[in-house]
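Engineer: Can you keep this structure in mind? I'll have questions shortly.
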Amino acid sequence: MQITSFKQYEEDYKKSVENPEQFWGEVAQNFQWRKPWFKVLSWNFNEPDIKWFEGAKLNITENCLDRHLAANGDKPAIIWEPNNPEEESVIYTYKMLHERVCRFANVLKRNGAKKGDRICIYMPMVPELAIAVLACARIGAVHSVIFGGFSAKSIADRINDSQCKVVITADGAYRGNKQIPLKDVIDDALIGCPTVEKCIVLTHVRTPVSMLKGRDVWWEDEVKHVNDICEAEEMDAEDILFILYTSGSTGKPKGVVHTCGGYMVYAGYTFANVFNYQPGEVYFCTADIGWITGHSYIVYGPLSQGATSVLFEGIPTYPSPSRFWDIVEKYKVNTLYTAPTAIRSLMSYGDDPLEGKDLSSIRVLGSVGEPINEEAWHWFDEKIGHGKAPIVDTWWQTETGGIMISPIATVTPTKPSFATLPLPGIQPILVDENGNEIEGNGVMGNLCIKFPWPGMLRTTYGDHERCKQTYFSTYENLYFTGDGCLRDEDGYYRITGRVDDVLNVSGHRIGTAEVENAINMHAGVVESAVVGYPHDVKGQGIYAFVIYPDMHGEAELSKKDILQTVTRVIGAIAKPDKILFVSGLPKTRSGKIMRRILRKIAEGDTGNLGDTSTLLDPGVVEEIIEAAKKL
Ligand code: WTA
């Protein structure tokens, strides 16, 4: 199933469009099924109702673990690099990983979890996180992994939305020189989570935690009570594999639902192709398993292909900005898949951290999460790839399950800051505001996809209508991505960023409405408006315009209070970079905030604000501009 020439890409692409069912049916033959499908695809984008590999039975963990045991049981599946480089790294072979997953799957059963139950995972980047994810899949429980940076309230909202029965966590996490008290956060969250019956706690940082009788149990104790034999649960191709919450333009995050069969095929196929993975190579994706990139390209994609995947607990700059390069050298990493924000941050330290580092093992580089600017692209290419490693700029989303538009390493000619061409099976289309297709090359529009692919979301958990409204109602018969896009003269795609009220901060999706809701929870705040602005390292920064009438002259303190509030409500990742206190917001006569104007002010581009005469109070704009200059 690996594409090895551009000609083959073109042929496969053609076939995938002309005969998608045959194309994906053949790709799916490369996986292990308990029972074959009777229909490859049935679909309808209006409902939406999408089924792939109908009637087929499988368990994704048999594809990620069992099937590799005979020939590759002793091959490293996961190499774990701890936060502290002085600490021992850990290598799990496929055999060991299989054993641990089965054992922990039995722990889940022992604690009352069964097929279909939802399980929340809130853990550091340790091998046990991958083990917990796979153990859920083993027994057919639905995992909902929550990134370690979210607050107790965010966790509680997510747990309650999907009514999780079990929570898996750790005493704490290390992030650089910081410690995060994960169990404390979970304890706060669980005060408001009546559906949670059990909480399994891994010892990691050895900080004291409170263990509630009857609810909380230690991972280390539990695994002693079970054996390591656990037959995989037989799953229907369309049974839910996992839920992953993501921000949208409304205040409430939605639970994106992926199912077993299609997701497996898509994650595996795209991994093998985009990175041109070769047997024996070491692959390092720096994402966190709390995000979709970690799900698809640390766990499921690589393991389904029998790859060796590096799992790194720490951050790029600890203990020094050489850390990634030390890891590359230590494990002779062949593929490095990271984010533009990390590249820009490392770039800012100059060449010193690269001094004496042997990066000669690198063969393929990857970027994901946000548009990569040309400067960062060239730095990555020259300093890290030494001009020899193709960069795959992979565009995709939580909702798409896997990479959609991207070069295929060694096959597709690359172009700085372009995601280049759609993968086989993906049919992008650009539309104007009214949903009319924009044909030809050298054009820009809103990016939609007009035909289903196996990895696409099936619904948003507990609220199918929301899925329909968000993705399938803006334009008839199209999946709307929320991204703007350029198709250049060569037919190459370049993603220009979100066209909705979603920010991309350091590659993390954050809804402006969510941040506004959080700010507005502060007692002194009357109203707020949040927009993004260009930020050198984060890509986008968060700029908040806040109405706070009775401040008693303590502006700096009030700002800190607001930051604290946002940290409590969402998590530190959503903290505004700039807060500007204003007496009013530019609104239309119907009361709608004119974000376009605020965005311009935040960008420092106030030369041409367009027509402000329709505003309720045009004077407020001048006042905001003046205040912004002083910030
Ligand atoms: C953005 C991350 C430009 C885009 C996998 C998308 C990108 C959102 C790229 C999804 C890229 C992701 N170039 N923009 N290569 N990759 N994006 O759900 O705006 O966390 O809609 O998935 O990130 O973010 P998400």
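The values are calculated or read from the model by the stated rules, or taken from the named source; none is laboratory data. Keep in mind it's a predicted model, so treat the numbers as computed, not measured. Glycine also receives a Cβ, built like all others from the backbone with ideal geometry; neighbour counts cover every protein chain displayed.
Engineer: For Gly435, only one of the following conditions fails: (1) assigned to a loop (DSSP other than H, G, I, E, B); (2) under 25 Å from Gly301 (Cβ atoms). What is its number?
Structural biologist: (2)
Engineer: For segment 470-498, how many residues are more than 9 Å from the ligand (Cβ to nearest atom) and of a type in the set (A, V, I, L, M)?
Structural biologist: The qualifying residues number 2.
Engineer: Take Lys592 and tell me if it is without any contact (Cβ under 8 Å) to a residue 12 or more places away in the chain and more than 24 Å from the chain's Cα centre (by Cα).
Structural biologist: Working: without any contact (Cβ under 8 Å) to a residue 12 or more places away in the chain: yes; more than 24 Å from the chain's Cα centre (by Cα): yes.
Spelling it out, Lys592 is indeed without any contact (Cβ under 8 Å) to a residue 12 or more places away in the chain and more than 24 Å from the chain's Cα centre (by Cα).
Engineer: For the condition hydrophobic (A, V, I, L, M, F, W, C), within 20 Å of the chain's Cα centre (by Cα), in a strand (DSSP E or B) and closer than 30 Å to Thr286 by Cα, what is the one hit in Ile510, Ile573?
Structural biologist: Working: Ile573 fails: in a strand (DSSP E or B).
Residue meeting the stated conditions: Ile510.
Engineer: Give me the pairs, please: first residue somewhere in segment 475-502 and at positive phi, second residue anywhere and surrounded by fewer than 18 Cβ atoms within 10 Å (Cβ to Cβ) and of a type in the set (Ser, Thr, Tyr), beta-carbon distance under 6 Å, and either six or more positions apart or on two chains.
Structural biologist: none
Engineer: Within segment 349-400, which residues are within 13 Å of the ligand (Cβ to nearest atom) and part of a strand (DSSP E or B)?
Structural biologist: Within segment 349-400, Leu365, Gly366, Ser367, Val368, Ile391, Val392, Asp393, Thr394, Trp395 qualify.
Engineer: Still on this structure, please answer the following. Report yes if some residue within segment 316-326 is in contact with a Leu (Cβ under 8 Å, 6 or more places away or on another chain) and either assigned to a helix (DSSP H, G or I) or without any contact (Cβ under 8 Å) to a residue 24 or more places away in the chain (or both); otherwise report no. So that I can check it myself, show each step before the final result.
Structural biologist: Start the filter on segment 316-326 by keeping residues that are in contact with a Leu (Cβ under 8 Å, 6 or more places away or on another chain), which leaves 316-317, 321-322, 324-325.
When the remaining residues are screened for being either assigned to a helix (DSSP H, G or I) or without any contact (Cβ under 8 Å) to a residue 24 or more places away in the chain (or both), the result is 324-325.
Yes, some residue in segment 316-326 is in contact with a Leu (Cβ under 8 Å, 6 or more places away or on another chain) and either assigned to a helix (DSSP H, G or I) or without any contact (Cβ under 8 Å) to a residue 24 or more places away in the chain (or both).
Engineer: Follow-up. Do any residues in segment 385-405 that are basic (Lys, Arg) have Cβ atoms under 7 Å from those of residues that are modelled with pLDDT under 95 and in a strand (DSSP E or B), where the two are at least six apart or on different chains, and which pairs are they?
Structural biologist: none
Engineer: Sticking with this one: Here are some residues: Arg206, Arg175. Which one is at positive phi and surrounded by fewer than 23 Cβ atoms within 10 Å (Cβ to Cβ)?
Structural biologist: Residue meeting the stated conditions: Arg206.
Engineer: Please determine, by comparing only the residues of segment 577-619 that are among the β-branched types (Val, Ile, Thr) and part of a strand (DSSP E or B), which one is surrounded by the most Cβ atoms within 10 Å (Cβ to Cβ). Please lay out each step first, then the result.
Structural biologist: Within segment 577-619, the subset among the β-branched types (Val, Ile, Thr) is 579, 582, 588, 593, 597, 601, 606, 612, 614.
In the following step, the residues that additionally are part of a strand (DSSP E or B) were identified as 579, 582, 588, 593.
Values: Ile579: 24, Val582: 21, Thr588: 11, Ile593: 19.
Step by step, filter segment 577-619, then rank; the result is Ile579.
Engineer: Moving on to the next point. If the Cβ limit is 6 Å and pairs must be 6+ apart or interchain, which residue in segment 98-117 that is closer than 8 Å to Asp228 by Cα pairs with which residue that is buried (at least 16 other Cβ atoms within 10 Å of the Cβ) and at pLDDT below 95?
Structural biologist: Qualifying pairs under 6 Å: none.
Engineer: Still on this structure, please answer the following. In the list His258, His204, which residue meets the criterion of being modelled with pLDDT of 95 or more and more than 22 Å from Arg118 (Cβ to Cβ)? Walk me through it before giving the result.
Structural biologist: Details: His258 fails: more than 22 Å from Arg118 (Cβ to Cβ).
Residue meeting the stated conditions: His204.
Engineer: Continuing with this model, one more query. What residue, of Thr250, Thr270, Thr246, is buried (at least 24 other Cβ atoms within 10 Å of the Cβ) and of a type in the set (S, T, N, Q)? Even if it seems obvious, please write down each step before you answer.
Structural biologist: Details: Thr250 fails: buried (at least 24 other Cβ atoms within 10 Å of the Cβ); Thr246 fails: buried (at least 24 other Cβ atoms within 10 Å of the Cβ).
Of the residues listed, the single one that is buried (at least 24 other Cβ atoms within 10 Å of the Cβ) and of a type in the set (S, T, N, Q) is Thr270.
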